[in-house]
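Trainee: Please see the structure below; I have some questions.
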Amino acid sequence: MASYDLSMNRRATALAVPTNDIAVRTRLSLLGEPITLFGERQMERRDRLRTLIAKLDADGQLETLINAHEQELEETTTMAATAKEADEFYTVGSKQLLEARKFIAKFSIRRASNRLQRAKSMRDDTLPALNRAATFVLDASEIGGDRPLTGCSFSKDGNFIATCSLNGNGGIWNMPQLTKTCTLKGHTNYATDIAFSPVTDIVATASADQTACLWDVKGTLLTTFTGHADRLTRIAFHPSGDYLATASFDNTWRMWDINTATELLLQEGHSRGVYGICFHPDGSLAASCGLDSRALVWDLRTGKNVLALEEHVKPILGIDFSPNGYQLATGGEDNTCRIWDLRKKTSVYIIPAHLNLISKVKFEPQQGYYLVTGSYDMTAKIWLSRDFKLVRTLFGHEAKVTSLDISGDGQHISTVLYSYDRTVKLWRSSKVSPEEKSMDID
């Protein structure tokens, strides 16, 4: 008996056991032993584990027990993997969707190459653009209708502005006089958003009547898209101009073929209503946000969700990719704007931007030199994208700012703000003085 105890002590001393107390508790649990005894300290618990393993080893039971635990662990892992596979499901796509994915892949490669070349050529031209961000002044203001305005968009050439309203109608306005040229009538409920195509003078509108419509600048209805089961929120054109994305309170967003007026993609993933949708400037990705306080990034070439951004604590209402290709801005009901770095997969800036919810965020469309945020605190603010420092607050609204847009000329940047005072306001970047050109923005 004494020799057996001595042999056990030698075995126990020679055994390697974990030094981490959590690992020791886990090992005891796997061996079917209590993870702790009354009054037992960490070193005593580790010695108990060593003695227990030595006894099992001496009795020839250790290898059998280890094999049983390994089999149990393998079965548990297999069950977890099966459950995960059950959560992931795929719907067989149409031939049109396959062709669209191929087109988007080729299109995005060309756009990415052009973006990189443009970024290199414009690297030394950042200071004038940064200086212009601080010089916006109110240039024009017009009553937009008899009901509050909900959306706005510049045409690709900056000659027109499109607006939509709670009366269900849209409007096309000449620039820069803000004279109305036509009215878009066709929805049976209030309009929620409006967007110009980045390629042609086609306008898309979204409505609470669960439909989206396409119009020309003369006010002629071209196409109506139906299929959503709840009201639409935001819409966005793909950079190619061939596809339109619609977000809805039915917890989905959809992508439509403009040329054939067919639905290509019905994308689930949000647990509550989808409020915002936007496309990457290369056209390869789409980003959606919603009332579940999440922003999801989707690869349009494969259909997979590649990134989930979950640091907002309240619903996200605004989302936009930067033209630099690697930043994404989100804003919502927590009054903050977050800047996400897609390369690091995390937020790199948290801007306590406003005193009320943020309704829309928009990057300057050339190189993303600055970011504009609109809020229910009756202001819009301009932030430098270099360090997201506030350089201008646009006052002049008597109520909530519900939407905004930025023209795409790159030289004289204009912003259009729509608010519940029923006005459309045009803000113009004033001429940069020589003093401003020479100043250094810290």
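A short reminder: the numbers here are calculations on the coordinates, not readings from a lab. Keep in mind that what you see is a predicted model, and the values were worked out from it rather than measured. Please note: Cβ atoms are built from the backbone with ideal geometry, for glycine as well, and neighbour counts cover all protein chains shown.
Trainee: Excluding Leu97 itself, what net charge comes from residues whose Cβ is under 12 Å from its Cβ, given Lys and Arg +1 and Asp and Glu -1? List each step's numbers first, then the result.
Mentor: On the way: positive: Lys95, Arg101, Lys102, Arg254, Arg301; negative: Glu99, Asp257, Glu263.
Residues close to Leu97 contribute a combined charge of +2.
Trainee: Provide the per-residue ³J(HN,Hα) series for the stretch 188-197, in order, calculated from phi with Karplus coefficients 6.51, -1.76, 1.60 and θ = phi - 60°, each as a whole number of Hz, with x at glycine and proline positions.
Mentor: 9, 9, 5, 7, 10, 6, 8, 8, 7, 5
Trainee: Sticking with this structure for a sec: Can you list the HN-Hα couplings for the stretch 177-187, worked out from phi with the Karplus curve (6.51, -1.76, 1.60; θ = phi - 60°), rounded to whole Hz and with x for Gly and Pro?
Mentor: 6, 6, 9, 6, 9, 7, 10, 9, 10, x, 7
Trainee: Listing Phe154, Phe160 from the residue with the fewest other Cβ atoms within 10 Å to the one with the most, what is the order?
Mentor: Neighbour counts put them in this order, fewest first: Phe160, Phe154.
Trainee: Show me, for the stretch 367-381, the HN-Hα J-couplings you get by feeding each phi into the Karplus relation (A = 6.51, B = -1.76, C = 1.60, θ = phi - 60°), rounded to Hz, glycine and proline as x.
Mentor: Karplus values, whole Hz, x for Gly and Pro: 10, x, 5, 9, 10, 10, 10, x, 9, 6, 7, 6, 9, 10, 10.
Trainee: Here's another thing I want to ask about it. Report, by chain and number, residues whose modeled amide H sits under 5 Å from the one on Ile202, excluding near sequence neighbours (fewer than 5 apart, same chain).
Mentor: Those lying under 5 Å, H to H, from Ile202 are Ser197.
Trainee: Which residue, Ser155, Ala119, Thr226, has the largest displacement toward the positive end of the dipole of the stretch 95-438 when charges sit on each Cβ (Lys, Arg +1; Asp, Glu -1)?
Mentor: Result: Ala119, furthest along the dipole toward the positive end.
Trainee: Moving on to the next point. Cα gyration tensor of the stretch 95-438, axes a ≥ b ≥ c as square roots of the eigenvalues: rounded (a/c below 1.5), prolate (a/b > b/c) or oblate?
Mentor: Numbers: a/c = 1.34, a/b = 1.11, b/c = 1.21.
Because its axes are fairly even, with a/c under 1.5, the stretch 95-438 counts as rounded.
Trainee: Can you list residues from other chains, or at least 5 along the same chain, whose modelled amide H is less than 5 Å from the amide H of Gly151?
Mentor: Amide H to amide H, under 5 Å and 5 or more residues apart or across chains, Gly151 pairs with Cys164.
Trainee: Just rank Phe363, Phe395, fewest to most, by other beta-carbon atoms within 10 angstrom.
Mentor: Lowest to highest Cβ neighbour count: Phe395, Phe363.
Trainee: A further question follows. Could you tell me which of rounded, prolate or oblate describes the stretch 136-210, using a ≥ b ≥ c as the square roots of the eigenvalues of the alpha-carbon gyration tensor, with rounded for a/c under 1.5 and, failing that, prolate when a/b is larger than b/c and oblate otherwise? If you can, show how the numbers build up before the last one.
Mentor: Working: a/c = 2.01, a/b = 1.32, b/c = 1.52.
Judged from the Cα gyration tensor, the stretch 136-210 comes out oblate (a/c at least 1.5, b/c at or above a/b).
Trainee: Could you put Arg101, Arg132 in order, starting from the residue whose Cβ has the fewest other Cβ atoms within 10 Å? Could the numbers behind the result be given before it?
Mentor: Details: Arg101 17, Arg132 24.
In order of increasing Cβ crowding within 10 Å: Arg101, Arg132.
Trainee: Note the full-extension length gain between Leu98 and Lys55 as 0.36 nm times their separation in residues minus their Cα-Cα distance, in nm to one decimal.
Mentor: Computed gain between Leu98 and Lys55 is 9.2 nm.
Trainee: I've got another one for you. Name the long-range amide H neighbours of Asn335: under 5 Å, sequence gap of 5 or more, or other chain; modelled H, no Pro or chain starts.
Mentor: Ile358
Trainee: Please work out the FRET efficiency for the pair Ala261 and Lys156, using the Cβ-Cβ distance as r and a Förster radius of 35 Å; give the result to the nearest 0.05.
Mentor: Working: r = 21 Å, r/R0 = 0.61.
Result of the calculation: an efficiency of 0.95.
Trainee: For the stretch 95-438, what is the relative contact order in percent, using Cα pairs closer than 8 Å and at least 6 residues apart in sequence?
Mentor: Values: 999 pairs, mean separation 53.5, N = 344.
Rounded, it is 16 percent for the stretch 95-438.
Trainee: For the stretch 95-438, what is the charge dipole size about the Cα centre, in debye to the nearest 20, if Lys and Arg each add +1 at the Cβ and Asp and Glu each add -1 at the Cβ? Working shown, then result.
Mentor: Details: 40 positive and 35 negative charges, 162 e Å.
Roughly 780 debye, rounded to the nearest 20.
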